[in-house]
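S.K.: Structure below; questions to follow.
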Amino acid sequence: MLAYSSGNHAQGVAYAARQLGLKATIIMPTNAPQVKIAATRALGAEVILYDPAHEKREAVAARLLASSVHPPVLVPPFDDAYVIAGQGIVGLEILEDLPAVKLVLAPVGGGGLLSGVAAALKLLKPSVKIIGVEPELAADAQASFRAGQVVEWAAADTNRTLADGVRTLALSELTLEHLRQYADDVVTVSEAELRAAARRLLLEARLVVEPTAALPLAALLRHRASLPPSQHTVLILSGGNVDPAVLAELLQD
């Protein structure tokens, strides 16, 4: 199995490969949190690092596939119908646990999670509002959503955000199609708002989440007045792989 990811998808593929007795090779950026790289290796995967400032992970994967005598199966992090369908299970679980849900906010990087959740929710309960959230410093999804076409950002820009889980450079055509059909909007938050939300989750909710997972709370706090009215709101906190150094930094803010 072959995958590329900044960390969470990497661990999922590594775990699945170990369970199936298969070899996993994961392509990860050099600026991925060390805790994510170490966790992926601990699951038995071979990790190949690349510099996102000089090369795209898709190009690294293509090179590996081309040079392999027996090419592994590529498991993309978001640009795949099966991956999106799998992410949609989150939407089904939301409806099962909270049938009265009115508003759902989720982080958006490559758009796989938001695509799956939005499709599942809208097809079963069209009245639900689904909002994607990303940092102002990596707002390629918002730009794509509003332009109606994929807009790519430079790695030098997206790498500025603390939310390493959404440093993807662009949506795919597939995820953009899903978002335009099923999502209601994509909003952004500042780095200060992101940090404040992550700190609040830590200190008040006692939830240790990585910065990316704090995006929905940051959006709820910032955009409360402009978001659709709702007494039953769900925030998808998608990731607990926070770097210890970042955690200490957040606690000191």
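S.K.: Have a look at G110, G116, G132 and point out the one that is surrounded by 15 or more Cβ atoms within 10 Å (Cβ to Cβ) and in a helix (DSSP H, G or I).
M.R.: Every option except G116 fails the conditions.
S.K.: If only one of V90, V47, V35 is at pLDDT 95 or above and outside the structural domain of H223 (by TED's automatic domain parsing), which one is it?
M.R.: V47
S.K.: Also, quick follow-up: Looking at P126 and the list (1) free of Cβ contacts under 8 Å to residues at least 24 places away in the same chain; (2) within 14 Å of the chain's Cα centre (by Cα), which single condition is not satisfied?
M.R.: (2)
S.K.: Also: Only one of T188, T212 is touching a helix residue (DSSP H, G or I) at 6+ places or on another chain (Cβ under 7 Å), in the same structural domain as A147 (by TED's automatic domain parsing), of a type in the set (V, I, T) and assigned to a helix (DSSP H, G or I); which?
M.R.: Unique residue meeting the criteria: T212.
S.K.: Checking the condition touching an Asp or Glu at 6+ places or on another chain (Cβ under 8 Å) and closer than 25 Å to L235 by Cβ, which residue from V104, V90, V108 passes?
M.R.: The unique qualifying residue is V108.
S.K.: For region 208-230, enumerate the residues that are at pLDDT below 95, of a type in the set (A, V, I, L, M, F, W, C) and touching a Gly at 6+ places or on another chain (Cβ under 8 Å).
M.R.: Scanning region 208-230 gives V208, V209.
S.K.: Among A198, A218, A170, which is part of a helix (DSSP H, G or I) and farther than 22 Å from L121 by Cβ?
M.R.: A198
S.K.: Considering only residues that are surrounded by fewer than 17 Cβ atoms within 10 Å (Cβ to Cβ), among the acidic types (D, E) and over 15 Å from D79 (Cα atoms), which ones fall in region 153-183?
M.R.: Matches in region 153-183: D157 only.
S.K.: While we're on this one: Kindly list the number of the only condition in (1) in a helix (DSSP H, G or I); (2) in contact with a helix residue (DSSP H, G or I) (Cβ under 9 Å, 6 or more places away or on another chain) that fails for A156.
M.R.: Result: A156 passes all but (2).
S.K.: Would you check if L121 is out of contact with any strand residue (DSSP E or B) (no Cβ under 8 Å at 6 or more places or on another chain) and either assigned to a loop (DSSP other than H, G, I, E, B) or modelled with pLDDT of 95 or more (or both)?
M.R.: Considered against the rule, which asks whether it is out of contact with any strand residue (DSSP E or B) (no Cβ under 8 Å at 6 or more places or on another chain) and either assigned to a loop (DSSP other than H, G, I, E, B) or modelled with pLDDT of 95 or more (or both), L121 comes out as no.
S.K.: For region 205-235, how many residues meet the condition of being at negative phi and surrounded by fewer than 21 Cβ atoms within 10 Å (Cβ to Cβ)?
M.R.: Of the residues in region 205-235, 17 are at negative phi and surrounded by fewer than 21 Cβ atoms within 10 Å (Cβ to Cβ).
S.K.: Could we say that R200 is more than 19 Å from the chain's Cα centre (by Cα), of a type in the set (D, E, K, R) and surrounded by fewer than 17 Cβ atoms within 10 Å (Cβ to Cβ) here?
M.R.: yes
S.K.: Within region 167-183, can one find any residue that is touching a strand residue (DSSP E or B) at 6+ places or on another chain (Cβ under 9 Å), among the basic types (K, R) and modelled with pLDDT under 95?
M.R.: Yes; the residues of region 167-183 include at least one that is touching a strand residue (DSSP E or B) at 6+ places or on another chain (Cβ under 9 Å), among the basic types (K, R) and modelled with pLDDT under 95.
The values are calculated or read from the model by the stated rules, or taken from the named source; none is laboratory data. In this text the structure is predicted, and so the values were computed from the model without any measurement. Cβ coordinates were reconstructed from backbone atoms using ideal geometry, including for glycine residues, and neighbour counts include every protein chain displayed.
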